[in-house]
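Inspection log for the structure reproduced underneath, given as structure tokens.
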Amino acid sequence: MSKWPTVTLGDVAAIDRASVQPNDIEAGTMYLGLEDIESWTGRLNPKPVDAGFLASSKFRFTRQHVLYGKLRPYLAKIACPDVAGVCSTDILPILPGPKIDRQYLFQFLRRPKVVAYAGAQAGGANLPRLSPNALAAFELPLPPLADQRRIATILQATDSLRAKRRATLALLDSLTSAVFLEMFGDPVTNPKRWSDGKLGSQLTFQQYGPRFFNEAYSDDGIRILRITDLNDAGVFDFESMPRMTLALEDQEKYLLQTDDVVFARSGATVGKVGLIGPEDPPCIAGAYFIVMRFSPSVLPIYVRAVLRSPSVRELVTQRSRQAAQQNFSGPGLRALPLPVPPIGLQKDYAALINTAAGMGRTLRVSLSELDALFASLQHQAFNGEL
């Protein structure tokens with residue numbers, strides 16, 4: 001229980017909904033749509049617009065507002081703009097009053113607990129929205145302004161460290177992509193004239209992940225890899241994978257091996273690729289994956305890089321859209337380009353990538369610790385314990 005009084009958001013801030021018509025928006029005015037606010041971080045990508053360019057009325061905002069995306073599932077799109085302009089009417093500009101610090105309000109609204117509560121309050125059948133009245137009724141603790149600013153400063157500092165870790169991981173990922181292109185060239189155009197071929201010519205094993213219809217999840221069975229357990233960078237989240245108790249024959253048939261390449265074949269994330277490492281825990285790739293093994297002519301780490309290259313990803317995207325639901329089959333995989341450079345060069349690449357992967361693991365551990373610290377500080381801050 002917080003030691004501070006509880007107020008509603010409407011008690012300490014105003015939700016501004018004064019609209020401006022397209023003809024009244026001057027050229028060069030900065031515009032923000034929901035797509036221009038990054039969820040959770042609040043990073044912005046405003047863009048200037050031409051006079052009369054916008055087709056409907058918008059809300060005005062200033063550098064004093066907090067911007068709040070009112071559509072579910074975009075309720076984590078919350079930002080403190082450093083520019084003035086106009087925004088989509090799917091964004092509510094909140095103007096803090098004299099009793100509440102803007103950064104304190106921003107930090108409160110982006111708490112996962114508060115975002116989840118907002119989602120439960122959103123109404124509407126097709127595209128649920130949080131009404132201004134529901135937002136104004138949010139309850140929040142109100143410490144003295146000095147404490148609000150202290151809390152906001154602590155949370156901002158910790159969040160800045162998290163952002164730097166994420167940026168470093170992104171830079172490391174882009175660096176490994178640049179190393180691949182420098183060493184091997186684009187795999188679709190094959191400018192270095194390596195031995196040309198298709199992925200299928202190097203396959204020794206290809207298997208679709210099994211569908212489990214009746215088996216229930218358990219506490220201590222084999223991990224089952226789902227699409228959501230593999231991110232775009234090819235990193236597995238083994239801790240979030242559910243477990244299942246399976247017959248020995250199923251384990252022998254489907255258990256992933258070191259150097260198996262797993263490919264997400266269906267859904268909006270078709271084309272994600274992962275590589276099983278020697279220290280990864282036992283797991284089975286589920287129904288929306290294809291598992292592959294290759295001849296000694298190509299290293300699995302090289303194959304993964306080919307499949308993750310922008311040009312091959314574009315091929316996968318184009319060809320998977322030929323169906324009503326995005327899907328990429330085994331034959332489609334076998335038809336993808338796979339130039340074969342000298343194995344010595346592939347090994348040099350593997351050594352560089354393994355070094356980078358070690359750095360990435362260290363950074364991810366650090367980020368995980370910072371995430372836990374930030375969550376703990378959020379809890380303490382809004383319960384009067386910080």
All positions within the range 335-355 that are surrounded by fewer than 18 Cβ atoms within 10 Å (Cβ to Cβ) and touching a Leu at 6+ places or on another chain (Cβ under 6 Å)
ALA350
Right, ARG165: charged (D, E, K, R), surrounded by 17 or more Cβ atoms within 10 Å (Cβ to Cβ) and touching a strand residue (DSSP E or B) at 6+ places or on another chain (Cβ under 9 Å) or not?
no
When the range 202-217 is examined, which residues are found to be out of contact with any helix residue (DSSP H, G or I) (no Cβ under 8 Å at 6 or more places or on another chain), at pLDDT 85 or above and not charged (D, E, K, R)?
THR204, PHE205
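Being farther than 21 Å from GLN207 by Cβ and among the aromatic types (Phe, Trp, Tyr) narrows it down to one residue among TYR254, TYR349, TYR288, TYR302; which is it?
Residue meeting the stated conditions: TYR349.
For SER240, are the conditions met, namely being in contact with a Pro (Cβ under 9 Å, 6 or more places away or on another chain) and either under 21 Å from PRO331 (Cα atoms) or of a type outside the set (A, V, I, L, M) (or both)?
The answer is no for SER240.
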Checking ALA170 against (1) touching a residue at least 24 places away in the same chain (Cβ under 8 Å); (2) open to solvent by 50 Å² or more (accessible area, probe 1.4 Å); (3) under 28 Å from SER266 (Cβ atoms), which test does it fail?
(1)
Out of the residues in the range 225-251 that are closer than 21 Å to PHE263 by Cβ and in a strand (DSSP E or B), state the one that is most open to solvent (accessible area, probe 1.4 Å).
PHE236
Residues that are in contact with a Phe, Trp or Tyr (Cβ under 7 Å, 6 or more places away or on another chain) and open to solvent by 10 Å² or more (accessible area, probe 1.4 Å): which strands (runs of 3 or more DSSP E) entirely in the range 265-305 hold 1 or more of them?
289-294
Considering only residues that are over 17 Å from ASP82 (Cβ atoms) and among the small types (Gly, Ala, Ser), which ones fall in the range 34-58?
SER39, ALA51, GLY52, ALA55, SER56, SER57
Restricting attention to the range 96-111, and to residues there that are under 27 Å from the mean Cα position of the chain (by Cα) and of a type in the set (Lys, Arg), which single residue is least open to solvent (accessible area, probe 1.4 Å)?
ARG110
Would you call PRO331 in a loop (DSSP other than H, G, I, E, B), of a type outside the set (D, E, K, R) and surrounded by fewer than 18 Cβ atoms within 10 Å (Cβ to Cβ)?
no
Can you tell which of LEU373, LEU386, LEU367 is of a type outside the set (Gly, Ala, Ser), in a helix (DSSP H, G or I) and surrounded by 16 or more Cβ atoms within 10 Å (Cβ to Cβ)?
LEU367
Search the range 25-44 for residues being of a type outside the set (A, V, I, L, M, F, W, C) and more than 17 Å from the chain's Cα centre (by Cα), and hand back the single one that is nearest to LEU92 (Cα to Cα).
GLY33
For residues that are in contact (Cβ under 8 Å) with a residue 40 or more places away in the chain and assigned to a loop (DSSP other than H, G, I, E, B), scanning just the range 196-213, find the one that is surrounded by the most Cβ atoms within 10 Å (Cβ to Cβ).
GLY209
Of residues in the range 252-264 being not charged (D, E, K, R) and not in a loop (DSSP other than H, G, I, E, B), the one surrounded by the fewest Cβ atoms within 10 Å (Cβ to Cβ)
LEU255
Out of (1) open to solvent by less than 50 Å² (accessible area, probe 1.4 Å); (2) touching a helix residue (DSSP H, G or I) at 6+ places or on another chain (Cβ under 6 Å), the one VAL188 does not meet is (1)
How do the helices (runs of 4 or more DSSP H) wholly within the range 112-195 filter down when requiring 1 or more residues that are among the hydroxyl-bearing types (Ser, Thr, Tyr) and either under 22 Å from the mean Cα position of the chain (by Cα) or at pLDDT 95 or above (or both): which remain?
112-121, 145-184
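The values are calculated or read from the model by the stated rules, or taken from the named source; none is laboratory data. Treat the numbers as computed from the prediction; the structure is a model and nothing was measured. Cβ coordinates were reconstructed from backbone atoms using ideal geometry, including for glycine residues, and neighbour counts include every protein chain displayed. In case anyone asks, the SASA skips ligands and DNA or RNA and just uses the protein heavy atoms, side chains included. Shrake-Rupley method; radii C 1.70, N 1.55, O 1.52, S 1.80 Å.
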